Each structure stands twice: as structure tokens, then as C-alpha cells.
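The numbers here are math on the coordinates, done by the rules we state, and not lab data. In this text the structure is predicted, and so the values were computed from the model without any measurement. Note that each Cβ is placed from the backbone with ideal geometry, even for glycine, and that neighbours are counted across all protein chains shown.
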Amino acid sequence: MTFYVDLIVRAWYVFLSSLGTTGLGFFVSNIVVFLATSLVTHVVMFLRKGRAALDQEFENFKISALVYGLVLVIVFVPIFGYCLFAKVPDSIRDEAKRQPPPPMIARFRPTPPPEAFRVSSRRALPSFVFACCTIVVNNNAWDFIIKHRGDKAVDSIDVLFTDAYRLQSIRKNTPPNTSVDPSQWSFFFHIDKMYPKGLGQLFAKQVIWKPDSLDHGQYSLDISASTGRFHEDLFIEKTNGKYTDAARVDDIDAERTLFVCRDRDFPTSLAPSIVAKNNCFPDWITH
């Protein structure tokens, strides 16, 4: 609901800009002036011709107000609709295209230890956030929960989510030198702050993504926050009628693995660099 409100507000400002006015100027010039003119006309009519003429003038006012309202609708509704359905989406797409590409992450990383978490003897793990896959929504999309790990709050969280399978498909099937909207394979979102153990919020942070196929998924999340820069690789594969997962979160600056999990039934041929003894589901949700 907030998205649609923000969209309408943004269209309203674009509408005012296209008219070369402000909200106050629009209402004054198109509504207040008409009402003030009608009020003065009625007062003068009453003073000069009496109550009978005023009653007749009031009937004329109702007709004039109806006609004037229809004219406002006919003139301004199409302009506002053009701003809402054409200019605002174009500006959103332009902003998305100006987003910097995700940083290149080395394809091959050191094989992580089998433990889900590994605390360095010299330096404690930072607090961080990552995505875990939970349920299918609308029979065609994944609901990803953003989880917090660590004992400190994490501020100013920027996340670039990329569907690797979708990106590979676009690269394979799109002719050279063809422009493709980045929102086809990725999206960006921001979270102000997350606290340990789910404190500070009634509901979990969630994002929805509709993949090409629910049965096969490879996603990457590049995360920048107050506690550092992190990269997550997340795999989803349907095996023997159920969904299985494998995931790893790396601390980019420290070049170490913070979290890793792999379901027992996850295919051995996929994501060979992700090695772990613990299952992803439901451990990464309940802990």
C-alpha cells in the first residue's frame, strides 16, 4: 500500500512540475479563485437585487460549478494519468539504469569449513544480515526473509539482489548491443536498521521475487552495512518433490566465511564450493 501512495505522490509532483506551478498555486488558481469569484458575485447580487435574484443566481452557480468541475476533470485528469503511467515509470527505469553494477566477486573462493559459524581466535565475527528462503507465495514467487546474526545492531543496510539464472538467460538470448532493464534480473532495497534476536520489529523483513522457475534458483546478494561489506550466494533446487537449499555468506573485506549451510538432499553436483554439515532449513530460520 505504501508503494502505491508513494507512486501517486511522486506523480503529483511531476504533474505540478509539468504545469509550472505548485500545489498551493494549482488549488488557488483553479478552485479558490472560482469559489471566491462566485461568493463575491452572490454578495453583490444580494445587495443590489435582493433575495429573489440571489436564489436565481444560486441555481446558475450550481450549473456553473458542475460544468467547471467537468472541465477540470477533462483537462487535468489525462495530464495526471500521463505523469502517473508514463513519466514516473520512465524516471524509475532511468534511476535503475544508473545504479552501479554489482562488484565482481571471485568465482572460486576458498572452501569454507564444515561448521556453520566459525569464530576467529584473533577477531570476533561481525554482526551481519543475510537472506534465507522461506515459502512460496502466489504459486510463482519466493518470499525471502532477511535475518540478523550477531550481538550488535546493523545500520544503513543496502542490498543488491541478483537472480543469476535470469541474468545468464538474458545474456544468452539477448542480441548484442541491446539495452535490457536491470530490473529484469535484479533489484535494490534499503533497510534502516536491524537488531539482534528480532528486536525492534513486530514482523520479519521480507522481499518477494518471481523467478523464471521455482525448481532451480541461484541468487546473489551484495550487502553494504555499518558493520562491513558482505556477499551471499544462495541456491534453491527442487529434489525428490521438495525444495532444498545451500547458502554461504562471506565477509568481503576480511576475506572469510561467516555462515554456510547445505541441506542433505541438495544435489552434490551443484554448488560444490559450499560445504557444510548443517542443514539450511529450518535451522537458519529458527536460530
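The 3J(HN,Hα) values that the Karplus relation (6.51, -1.76, 1.60; θ = phi - 60°) gives for the range 71-81 are, in residue order, 5, 4, 5, 5, 7, 9, 4, x, 5, 5, x Hz. Gly and Pro appear as x. Exposed loop sites here are chymotrypsin sites (Phe, Trp or Tyr not before Pro) assigned a DSSP state other than H, G, I, E or B and surrounded by at most 12 other beta carbons within 10 Å; excluding them, the longest clear run of the chain is 1-107. For the range 4-78 and the range 175-219, what is the separation of their C-alpha centers, rounded to whole Å? For the range 4-78 versus the range 175-219, the Cα centre distance is 45 Å.
Judged by a Cβ-Cβ distance under 4.7 Å, the unpaired cysteines of the chain are Cys83, Cys132, Cys133.
In this structure, the pairs whose alpha-carbon distance is over 24 Å, taken from Lys147/Lys172; Lys97/Lys172; Lys193/Lys242, are Lys147/Lys172; Lys193/Lys242. Here the range 143-280 is treated as a sphere whose radius is the Kirkwood value from Cα pairs; by Stokes-Einstein at 37 °C and 0.692 mPa s it diffuses with a coefficient of 199 µm²/s. Taking the charge dipole of the chain about its Cα centre, with +1 at Lys and Arg Cβ atoms and -1 at Asp and Glu Cβ atoms, the residue from Thr174, Leu221, Tyr68 reaching farthest to the positive side is Leu221. The structure-derived value of log10 I(q)/I(0) by the Debye sum over Cα atoms at q = 0.12, 0.17 Å⁻¹ appears in the list (1) -0.77, -1.69; (2) -0.86, -1.41; (3) -0.78, -1.41 under the label (2).
Kindly provide the helix-only [θ] at 222 nm of the chain, computed as the sum of -39,500 (n - 2.57) over DSSP H runs of four or more divided by all residues, to the nearest 500 deg cm²/dmol?
Counting only the DSSP helices, I get -11000 deg cm²/dmol.
Please arrange Leu84, Leu221, Leu70 by how many other C-beta atoms lie within 10 Å of their C-beta, fewest to most.
Details: Leu84 17, Leu221 23, Leu70 10.
Ascending Cβ contact count within 10 Å gives the list Leu70, Leu84, Leu221.
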